[in-house]
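Every read-out reported here was derived from the displayed coordinates using simple, explicitly stated rules and does not represent laboratory data. Because the structure is a prediction, the values reported are computed rather than measured. Glycine also receives a Cβ, built like all others from the backbone with ideal geometry; neighbour counts cover every protein chain displayed.
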Amino acid sequence: MKSKKIATCAVLSALAIIFGYIEALFPLPLPIPGIKLGLGNIVVIVCLYIFGAKISFGIMLIKIFTSVLLFSPPSTLIYSLCGGALSFVIMLAMKKMSFNTITVSIGSGIFHNIGQLVAAAVVLNGLNLIYYLPLLIISGAMCGFITGLAAHLITKRIV
């Protein structure tokens, strides 16, 4: 990997972490815990469309591990990894089907929440968490639209 590309990836990773920090400073006042805009995912989606899957996946992992290390209790790592992994698989599949960044981000937001809900059901051994699913789908779609719109505007200007 060329040094310019490495430096760019480092800057993008730092940007994703900074977005995570901003989200930690201003949590959304919602009755369901854990709902966030997913600002760091703007960087992941832009990277997916510009640099490809490998670099985007690496930035997502750096964002998750660093954000949990700095801004969250260690117990949230399992939820972040499950949500991130499922949302990334969906991002790849939707991009391969030629969806635009907004639609990919909406799908990613929905499936990130589903991944976290599945992790919570396993960890807490409670299937009654399924009642949160409709609200999590709605919030994932709304937040995904916002971050996807931002990623779309950025990608449009870069490419």
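Some notes on this structure:
- Calculated mean residue ellipticity, 222 nm, the chain: -26500 deg cm²/dmol, from DSSP H runs (n ≥ 4) at -39500 (n - 2.57) each, averaged per residue and rounded to 500.
- Under a model in which nothing but the beta-carbon of Lys, Arg (+1) and Asp, Glu (-1) is charged, the chain shows a dipole of about 660 debye around its Cα centre.
- Inter-part distance where segment 1-32 and segment 82-150 are each reduced to a Cα centre, Å: 18
- The count of lysine pairs in the chain with alpha-carbon distances below 24 Å, taking only pairs 8 or more places apart or on different chains, stands at 21.
- J(HN,Hα) series, segment 78-89, from Karplus relation 6.51 cos²θ - 1.76 cosθ + 1.60, nearest Hz, glycine and proline x: 4, 5, 5, 5, 5, x, x, 5, 5, 5, 5, 4
- Ranking of Ile18, Ile35 by count of other Cβ atoms within 10 Å, fewest first: Ile18, Ile35
- Environment charge of Leu12, counting only residues whose C-beta is closer than 13 Å and scoring Lys/Arg +1, Asp/Glu -1: +3
- Dipole axis of the chain (+1 Lys, Arg; -1 Asp, Glu on Cβ), positive-most option in Thr8, Phe88, Thr66: Thr8
- Under the Debye formula (equal points on every Cα, no solvent term), log10 I(q)/I(0) of the chain at q = 0.14 Å⁻¹: -0.65
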